[in-house]
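**Student:** The following block contains the structure, expressed as structure tokens.
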Amino acid sequence: MTDLPRRALVMGASGFVGSHVTRKLAERGDDVRVYLRKSSSTVGIDDLDVERCYGDLYDEDALRAAMADRDVVYYCVVDTRFHLRDPAPLFETNVNCLRRVLDVAVTAGLHRFVFCSTIGTIALGDGRGPVTEDMPFDWGDKGGPYIESRRQAEDLVLSYARDRGLPAVAMCVSNPYGPGDWQPHQGLMVQYAAFGKVPVYINGVCTEVVGIEDVAEAFLLAAEHGRTGERYIISETYMPMRDMLTTAATAVGAKPPRIGIPLPVVYAAVWVAERVARLLGREMPMNTNGVRLLHIMAPADHSKATRELGWHPRPTTESLERAARFYIDQAKKAATR
């Protein structure tokens, strides 16, 4: 194509990444269609003039109709519930349902299939420098079922690109933060920090972070410049947890965390809470695998995305500040209703 793709389908448009991709496309003036379940919360896109199609990932006819006449599919559907004791839903949504979508996509005549993957599919490395897309996956079983489901999903997409001609690219997105996070999961600690409810941080924990609006920009750039079958690290910087929470708190005048907790203490406390939850037959929103995911990843090199896509992310501190202000604004609005 010589012109920018203008007919887009966003799958998973009700989620954090998907809603921002949808917004960026609509603001650019594209012809945007979204694929949703009837039960999806669409507060993140309700102010946008986009075409809505309804269905699920099991409805082949609805999937075909949604992809008809589209240039680009942005696939942002993911089950992120790493804490599930039974991982079957993770593999069903992240892998098995994805395969159904890919079977439709290969016949849709697309210019590009932009797949929302995760930085959890890149290497951990040997500690001697930032990791890149070219390094082999070396996690073993350290990531648990969630990371394994995401790794299988990315491998599936790339196999369709390699073997069946799907013009797909995989976006290895790190931890995104910013405004418009209506149902915070990744951003929950940042939200609590903005409310002044996080007096502590975990010593020595650093993670890759990125602004959500820069993630959306990367997706649009990938549709235009991405190379079929390639992966792109979409992350801005490697940031200590203390800095993240302090940035959010100070942006809105809240008290930042002041007490550092040793990582082994956190593991022990979560391990005990897990056992109690099992005895009570409840799901824990955090488990020891989740704690491991907080600190296991290495610094990452996003220069490939800059070089090939023309992606130049802004400092994530700006997005953390905007996220904090968003959470406070929404709390104030809720209090006046």
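The values are calculated or read from the model by the stated rules, or taken from the named source; none is laboratory data. Being a predicted model, the structure only gives us computed values, none of them experimental. We place every Cβ from the backbone using ideal geometry, glycine too, and count neighbours over all the protein chains shown.
**Student:** Kindly list the number of the only condition in (1) assigned to a loop (DSSP other than H, G, I, E, B); (2) closer than 28 Å to N96 by Cα that fails for D46.
**Tutor:** The failed condition is (2).
**Student:** Can you confirm whether P179 is in contact with a Ser or Thr (Cβ under 6 Å, 6 or more places away or on another chain) and in contact (Cβ under 8 Å) with a residue 40 or more places away in the chain? Let's see the steps before the verdict.
**Tutor:** Values: in contact with a Ser or Thr (Cβ under 6 Å, 6 or more places away or on another chain): no; in contact (Cβ under 8 Å) with a residue 40 or more places away in the chain: yes.
No.
**Student:** Follow-up. In the stretch 65-101, which residues are within 25 Å of P285 (Cα to Cα) and assigned to a loop (DSSP other than H, G, I, E, B)?
**Tutor:** Matches in the stretch 65-101: C76, V77, V78, D79, T80, R81, F82, H83, L84, R85, D86, P87.
**Student:** Scan the stretch 2-48 residue by residue and report those that are under 20 Å from the mean Cα position of the chain (by Cα) and β-branched (V, I, T).
**Tutor:** Scanning the stretch 2-48 gives V10, V17, V21, T22, V34, T42, V43, I45.
**Student:** Could you please find all residues in the stretch 278-337 being surrounded by 15 or more Cβ atoms within 10 Å (Cβ to Cβ), modelled with pLDDT under 95 and among the hydroxyl-bearing types (S, T, Y)?
**Tutor:** Listed by number, the list holds a single entry, T288.
**Student:** Output the residue which, of all residues in the stretch 210-226 that are among the charged types (D, E, K, R) and more than 17 Å from A13 (Cβ to Cβ), is surrounded by the most Cβ atoms within 10 Å (Cβ to Cβ). Let's see the steps before the verdict.
**Tutor:** Step one: of the stretch 210-226, the residues among the charged types (D, E, K, R) are 213-214, 217, 224.
From what's left, more than 17 Å from A13 (Cβ to Cβ): 214, 224.
Working: D214: 23, E224: 15.
Here the residue is D214.
Rundown of residues vs (1) under 19 Å from Y58 (Cα atoms); (2) at pLDDT below 95; (3) of a type in the set (D, E), yes/no style:
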position: D86; (1), (2), (3): no, yes, yes
position: N94; (1), (2), (3): yes, no, no
position: S149; (1), (2), (3): yes, no, no
position: A161; (1), (2), (3): no, no, no
position: R164; (1), (2), (3): no, no, no
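**Student:** If a residue has to be surrounded by fewer than 24 Cβ atoms within 10 Å (Cβ to Cβ) and either out of contact with any strand residue (DSSP E or B) (no Cβ under 9 Å at 6 or more places or on another chain) or in contact (Cβ under 8 Å) with a residue 60 or more places away in the chain (or both) to count, how many in the stretch 18-39 make the cut?
**Tutor:** 6
**Student:** I'd like to know if the stretch 56-77 contains one or more residues that are within 24 Å of R7 (Cβ to Cβ), among the hydrophobic types (A, V, I, L, M, F, W, C) and touching a Pro at 6+ places or on another chain (Cβ under 6 Å).
**Tutor:** Going through the stretch 56-77, the residues within 24 Å of R7 (Cβ to Cβ) turn out to be 56-57, 59-77.
Next, from what is left, pick out any that are among the hydrophobic types (A, V, I, L, M, F, W, C): 57, 62-63, 65-68, 72-73, 76-77.
Now drop any that are not touching a Pro at 6+ places or on another chain (Cβ under 6 Å), which leaves 72.
Yes: one or more hits.
**Student:** Residues of the stretch 16-64 being of a type in the set (S, T, N, Q) and at pLDDT below 95, which ones? Lay out the reasoning, then the answer.
**Tutor:** Our first condition is that a residue be of a type in the set (S, T, N, Q); within the stretch 16-64, this holds for 19, 22, 39-42.
The answer is S39, S40, S41, T42.
**Student:** Consider the stretch 133-172. How many of its residues are assigned to a loop (DSSP other than H, G, I, E, B) and either within 27 Å of A88 (Cβ to Cβ) or touching a strand residue (DSSP E or B) at 6+ places or on another chain (Cβ under 7 Å) (or both)?
**Tutor:** First, pick out the residues of the stretch 133-172 that are assigned to a loop (DSSP other than H, G, I, E, B): 133-143, 165-167.
Subset that is either within 27 Å of A88 (Cβ to Cβ) or touching a strand residue (DSSP E or B) at 6+ places or on another chain (Cβ under 7 Å) (or both): 133, 137-143, 166-167.
So the answer is 10.
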